[in-house]
Amino acid sequence: MKKIGILFGVENSFPSALVERINTRHPDGIQAEFVLTGAVNSGAAAGYAVIIDRISHDVPFYRAFLKHAALNGTTVINNPFWCSADDKFFNYTLAARVDVAVPATVLLPHKALPNDTSDKSMRNLEYPLDWDGVFAAIGGHGFMKPINSGGWRNVYEVRGREEFFRAYDQSRDLCMVYQKAIEFTEYFRCCVVAQKVRVMTYNPRLPHAERYMQSHVRATTFHARRLLKRMEEDALKLCRALGYDLNTVEFAVENGIPYAIDFMNPVFDADVNSVGEQHFEWIVEQVADLAIARARSGRKTAGLRWPALEGAGSGRSKGGKRG
């Protein structure tokens, strides 16, 4: 029996619905369940054909467990090796390389020294910093946000230098980016599952529970169809480049151009109370399809690049000595 495991934290509706959806289909030789693990033996396999990861970004123990599981043959969605290396500033640079529009962005040094560092640790950092150059690149209206964070935590909208430096002072030892604000007329969040995209109208200015429009976006004009197609193509382009099977990509539309604002969401909000029944149903169905397909195919987690793995198990004699 091949097992599909769901590794999750505080969320309830999505993990429960996903396990139920997979098991009610009765796929031959496949069963879904919540992952259960304790202390992990380095020589033991995880026991799952597929694991859907919904929590390791917050729990280092789970991240290490998933990398171990992937190394031992489990398909982990999303790839824990890539997620360990990812950050928002790299993502913006990558997006520009694959011809996806992104706002001008600048990486800022830490305001406060990171733990276990001193002034000597920063000997390669120029002082004073060229703040005039920062504002020339971005302007006075922008967003300051951590390179590794989600859920709009520690994100500041700033207007002018006074607000910028007040926000910068509050960033503590976090590594931040400062990004030009897009004066958007439309805003969308695209949910990507493998090669399928669902474009959802989304308003980040509203309270969290009210941000999603509860129906799928349908284009009725030439402009709308062209915009919708571009967002779908750009969302897929980004997820392929990032190696994500599950992700959400947010676009802010200014003067007809969709700018990718936020697309480091490998564990996106999929709670029914946030996204609404229609979007929730689509997400559960598509993730169930993906998990079952991966369990059947035996496809392994991509990105294991250590040269020693290429010949693992070969080059040894029957007696256990090297040939």
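The values are calculated or read from the model by the stated rules, or taken from the named source; none is laboratory data. Computed from a predicted structure; not experimentally measured. All Cβ positions, glycine included, derive from the backbone under ideal geometry; neighbour counts span all protein chains shown. Just so you know, the surface numbers come from the protein's heavy atoms only, side chains and all, with ligands and any DNA or RNA stripped out. Shrake-Rupley method; radii C 1.70, N 1.55, O 1.52, S 1.80 Å.
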> Ignoring ligands, DNA and RNA, what accessible area per residue does the chain give at 1.4 Å, in Å²?
Replying inline: 53 Å²
> So, in Å, what gap is there between the alpha-carbon centers of region 37-74 and region 155-222?
Replying inline: 32 Å
>> Please list 3J(HN,Hα) in residue order for region 22-29, calculated via the Karplus relation 6.51 cos²θ - 1.76 cosθ + 1.60 where θ = phi - 60°; whole Hz, with x for glycine and proline.
In response: 5, 6, 6, 7, 6, x, 4, x
> Working out 0.36 nm times the residue gap between A64 and A137, then minus their Cα-Cα distance, what length gain in nm do you get to one decimal?
Replying inline: 22.4 nm
> Only one of the listed values, (i) 56, 50, 31; (ii) 56, 54, 46; (iii) 68, 58, 34, was derived from the coordinates as Cα extents along the principal axes in Å; which label is it?
Replying inline: (iii)
> Tell me, in nm to one decimal, what length is gained between L107 and N41 on full extension, where the rule is 0.36 nm per residue of separation less the Cα-Cα distance?
Replying inline: 19.8 nm
> Under the Karplus relation 6.51 cos²θ - 1.76 cosθ + 1.60, θ = phi - 60°, what is the ordered set of whole-Hz ³J(HN,Hα) values for region 55-72, x standing for Gly and Pro?
Replying inline: 8, 5, 5, 9, 10, x, 4, 5, 4, 5, 4, 5, 5, 5, 4, 4, 5, 9
> Working out 0.36 nm times the residue gap between K300 and D99, then minus their Cα-Cα distance, what length gain in nm do you get to one decimal?
Replying inline: 69.5 nm
> When only C-alpha pairs under 8 Å and at least 6 residues apart count, what is the relative contact order of the chain, in percent?
Replying inline: 21 percent
> Which value, in Å² and to the nearest 10, is the accessible area of W82 when all protein chains are kept and the probe is 1.4 Å?
Replying inline: 60 Å²
> If the cut-off is 29 Å between C-alpha atoms, which lysines fall inside it for K111, apart from same-chain ones fewer than 8 positions away?
Replying inline: K88, K120, K145, K180
> Amide H neighbours of D245 under 5 Å, counting only residues 5+ apart in sequence or on other chains, H built in-plane at 1.01 Å?
Replying inline: N79
> Arranged from highest to lowest average of other beta-carbon atoms within 10 Å per residue, in what order do the peptides 253-263, 116-126 appear?
Replying inline: 253-263, 116-126
> Spin-label point model (7 Å from Cα, Cβ direction): what's the E126 to I257 distance in nm?
Replying inline: 2.6 nm
> What part of the accessible area of the chain, given as a whole %, is carbon or sulfur when the probe is 1.4 angstrom?
Replying inline: 52 percent
